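Here's the structure, in structure tokens; my notes come after.
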Amino acid sequence: MVYPTAGVELAKRFTLKSIGGASAGAIAAALFAAAEHRRSVLGSSAGFDELATYPEKFGATTASGTSFLLALIQPSRDARRLFALLLAFLGPDRWRKALRVAATAVVQYAGAFVVGLVPAAALVFYAWRASDSLATWLVILLLSLLPLLLGITVPVIAAVLLDLVRATTRHGYGLCTGRGEPAGPRDPPPLTDWLEARLDEVAFGPRAGTPESRTHTNRPEGYSPDDPLTFGDLSGNPDASTSTRAEVILGNAHHALTFGATFFVNRWIKLQANLMREQVRDVSVAPDTKPLFWSRAIRVQVVL
């Protein structure tokens, strides 16, 4: 919500160069680089006008009743149950959250729930039938709560863990590929497809035909529909370099796997530690000399 408005205000006074960021900041940087390309190279500031509308767009609700941002995050088919379970954890109320998570787990993993419930319930039933007094029945009932609880929860937890391993290992240790069909007929496509379309729209102007058409009639000569924008397009300097301070950095494939832990010291301070396994495809054009290496990062975030 913050990046579009702040970036548009900065662009009124400055030419944007050396734009970068991480996570959502990287997406914002790419969009503003595309808008600056349209202004500096094509002579139109309409890309920034388009970005100024994004806060309202991100806060809107789609025709299917889903928030616009959530509609962009579409899980892969085999990760939908896990994704629904993760969404159940959202929300500030602890007791409602616990009930919501439990109900979602039962609905999404109903088979595992029944597999655990039937033998546990049968054990309780036969123990109750064998009792000959109210006191014995109450003792058996209390003692049966633990196996009943274990019989319900263990199969569900096992099914969730199995689902987690299967789904994440098939999709680069994630749940959402960012590609695919929209959730509804008037919903936006998943994030990667939506971002590809928006980058072209901001850089070159509105697309012809359907909103998500992959053929962009405003692309300059020499650009095919799948050609990505690069820093060379923005700077006009075709000479790439491996220097980290170069205007155009030589391209290379980079794959990173991140492990991390977050610790909330209090409501104002958060500590985050990350361990990253990184690999580059071509060492000859990389700043480092190792194709595979580990990186560490420790971050302190303060809420003002």
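Which residues, taken from the range 32-53, are buried (at least 20 other Cβ atoms within 10 Å of the Cβ) and hydroxyl-bearing (Ser, Thr, Tyr)?
none
Please give the number of the condition residue 232 fails out of (1) small (Gly, Ala, Ser); (2) at pLDDT below 65; (3) under 30 Å from residue 61 (Cα atoms); (4) part of a helix (DSSP H, G or I).
(3)
With the range 1-86 as the region, which helices (runs of 4 or more DSSP H) entirely inside it contain at least 3 residues that are out of contact with any strand residue (DSSP E or B) (no Cβ under 6 Å at 6 or more places or on another chain), hydrophobic (A, V, I, L, M, F, W, C) and more than 20 Å from residue 196 (Cα to Cα)?
Counting at least 3 such residues, we get 2-13.
Go through (1) surrounded by 13 or more Cβ atoms within 10 Å (Cβ to Cβ); (2) modelled with pLDDT of 85 or more; (3) out of contact with any Phe, Trp or Tyr (no Cβ under 9 Å at 6 or more places or on another chain) for residue 115 and report which single condition fails.
(2)
Restricting to the range 152-176, what's the tally of residues that are surrounded by fewer than 18 Cβ atoms within 10 Å (Cβ to Cβ) and under 14 Å from residue 70 (Cα atoms)?
1
Among all residue pairs at least 6 apart or on different chains, which show Cβ distances below 7 Å where the first residue, located in the range 180-192, is at positive phi and touching a residue at least 12 places away in the same chain (Cβ under 8 Å) and the second is in a loop (DSSP other than H, G, I, E, B) and surrounded by 18 or more Cβ atoms within 10 Å (Cβ to Cβ)?
Going by the 7 Å Cβ cut-off, the qualifying pairs are 180/74; 180/190.
The values are calculated or read from the model by the stated rules, or taken from the named source; none is laboratory data. Source: prediction; values computed, not measured. Counting neighbours? That spans all protein chains shown, and the Cβs are built from the backbone with ideal geometry, glycine included.
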